[in-house]
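So the structure is just underneath, and the comments pick up after that.
Read-outs: derived from the displayed coordinates by stated rules, not from any lab. Keep in mind it's a predicted model, so treat the numbers as computed, not measured. All Cβ positions, even for glycine, are placed from backbone atoms using ideal geometry, and neighbour counts span all protein chains on display.
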Amino acid sequence: MIRTLGKKRHLRWAAVAVELAVVMPFLLLMLFGIIEYGWIFTVRQGLVTAAREGARTAALPGATEQEVADRITDTLTPLGVTSHTYTLVSDPIAESETVTVTVPYSDVTLLGDWFGTTAFDLGATCSMRKESVD
């Protein structure tokens, strides 16, 4: 009687091990996908904030392009994003400043090209009307 129970328990553990071996890769794929998505979402929010801060600085009277670049860099530095580029476009007719900040996806991904291509950029754009001193 005791031997029969031990054998059934052993077979049950073997079935659990096989099920775990089949399901574990999918669970790990989902886990790493969720982590990657969360990180990219965080970086994207950082880019939006950097573009907004850059546009806010550019909209101030007497602001220089170096001040805009410094503000964007200061905003992205806590995220560890160092390979960003930005463009600053002044529209004299609409009296606005537009800042676009981009970063290559391959420079911010945690998993490299594990989920596919990394040959694209993440970016954000913000426009603000120029402030005037009247």
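Residue separation times 0.36 nm, minus the C-alpha to C-alpha distance between Thr85 and Gln66: what's the value? Display every interim value, and only then the final one.
Values: separation 19, 0.36 × 19 = 6.84 nm, distance 1.32 nm.
Full extension of this stretch gives 5.5 nm more.
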- Item | Pair Asp74, Leu110: separation of 7 Å Cα→Cβ label points (nm) | 2.9 nm
- Calculated from backbone phi, Karplus (6.51, -1.76, 1.60) coupling profile of region 101-110 in Hz, x at Gly/Pro: 10, 10, 8, x, 4, 5, 8, 10, 5, 8
- Taking the chain as the reference, fit the longest principal axis to its C-alpha atoms, fit the long axis of helix 65-76 to the helix C-alpha atoms, and give the angle between the two in degrees, 0 to 90, nearest 10. 20 degrees
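Among 121-129, 76-84, what's the highest-first ranking by average C-beta atoms within 10 angstrom per residue? All intermediate terms of the calculation are to be shown ahead of the outcome.
Values: 121-129: 17.0, 76-84: 15.1.
With the highest mean Cβ count within 10 Å placed first, the list reads 121-129, 76-84.
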- Message: So if each residue of separation counts as 0.36 nm, and I subtract the Cα-Cα distance between Phe32 and Leu20, what length gain in nm does that give?
- Response: 2.6 nm
- [x] 15.7, 46; [y] 25.5, 97; [z] 13.4, 38, with the label sought being that of the calculated Rg and Dmax of the Cα atoms in Å: [y]
- Message: Taking the 0 to 90 degree range and rounding to the nearest ten, how far is the long axis of helix 2-58 tilted relative to the main principal axis of the chain, both from C-alpha atoms?
- Response: 0 degrees
- Note on the structure: Summing +1 per Lys or Arg and -1 per Asp or Glu among the other residues with Cβ less than 13 Å from Ala63's Cβ gives -3
